[in-house]
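Novice: Mind looking over this structure? Questions follow.
Nothing in this text is a laboratory measurement; each read-out follows from the coordinates by a stated rule. As the structure is a computational prediction, the values presented were derived from the model and not from experiment. All Cβ positions, glycine included, derive from the backbone under ideal geometry; neighbour counts span all protein chains shown.
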Amino acid sequence: MTKSFIEVARKGHIATVTIKRAEKRNAITNEMMEDLERIGREFAKDEQTRAVIVRGDGNDFSVGADLSQPRFQGSERQSLLMRRRGVELGGQLMRSLQEIHQPTICAVQGIATGAGACIASACDFRIGADNARMGYGEVKIGINLMWTAVPVCVHLVGPSRAKRMIMSGKLFDAATLHLWGFLDEVVPLANLDNTAREWAEEYASLPPIAVQMIKRSVNQVSGALDRAVMHMDADQWMLATQSEDFREAVTAFFDKRKPEFKGN
């Protein structure tokens, strides 16, 4: 049986979902995505949980996708049809997190980039430690931001700042992200888990039916066209991964050198 790197713990009306792959800085694999997607959906059957905390174990929330996976190495042995279906998993994961009925609070420490930033953005609220740095690094390996995450970022920070975050691939500090509205609160690292718990307890103490109806209404208003606009981001990703620049970027990452992009 494959080891799961996602842990769910419950205490009272609060559930805590922890990414537990600290030895790899919580780099995300397909199996972890499948586990998170399943866990998100299972909260629909959970009557006792009234708030959910999402956190990462260790020094970093998540450094993003594990680039040693076959899909990044060009070693997948699947038909184009099945590869196309497979890359829909990220969008499915985002929807499963966004559609959790209960309020979700993400606690972010250290680095949260790529997939890590996407998971955080899919939650209702984000609490950042003062050492948090977040961004979307996909562009640095020659690919687009997918998972239907582009509009989510735009909703949080606006078009210009979303372009800065996604087009530059830079990591932005917690104070900047708080100013922009990406983070809802910034606290000392030592207080991160307690603050996330306090937020969860506040929402768990409120009438669950009303709270959950309000959450779903706000999400529908703000993201009504998201899937329609971003229906092709998986196709864009598949095209980008066929480029020479993508292969150069991944090779350079493992060689620990600066890539040379040629626009091919």
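Novice: Mind ranking 12-24, 125-137 by how tightly packed they are, going by the mean number of other C-beta atoms within 10 angstrom, highest first? Walk me through the intermediate numbers first.
Specialist: Values: 12-24: 18.2, 125-137: 23.9.
The most tightly packed comes first, giving 125-137, 12-24.
Novice: Taking the Cβ-Cβ separation of S243 and E34 as r and a Förster radius of 41 Å, what is the calculated FRET efficiency to the nearest 0.05? Don't jump to the answer; show the numbers that get you there.
Specialist: Working: r = 27 Å, r/R0 = 0.66.
In this case the efficiency is close to 0.90.
Novice: Per the helix-only calculation at 222 nm, which mean residue ellipticity applies to the chain, given -39500 (n - 2.57) for every DSSP H run of n ≥ 4 and division by its residues, nearest 500 deg cm²/dmol?
Specialist: Details: 13 runs with 119 residues, N = 264.
After summing the helix terms and dividing by the residues of the chain, the value is -13000 deg cm²/dmol.
Novice: Pairing the Cα long axis of helix 192-204 with the longest principal axis of the chain, what angle in degrees results, from 0 to 90 and rounded to the nearest 10?
Specialist: 60
Novice: Using modelled backbone amide H atoms (1.01 Å from N, in-plane), which distant-in-sequence or interchain residues come within less than 5 Å of G137's amide H?
Specialist: It is G114, by chain and number.
Novice: What's the angle, to the nearest 10 degrees (0 to 90), between helix 244-255's Cα axis and the longest principal axis of the chain?
Specialist: Its long axis makes an angle of about 70 degrees.
Novice: Among S62, S168, S205, which one moves the most in a GNM of the chain with springs linking Cα atoms closer than 10 Å?
Specialist: Highest fluctuation of the listed residues: S205.
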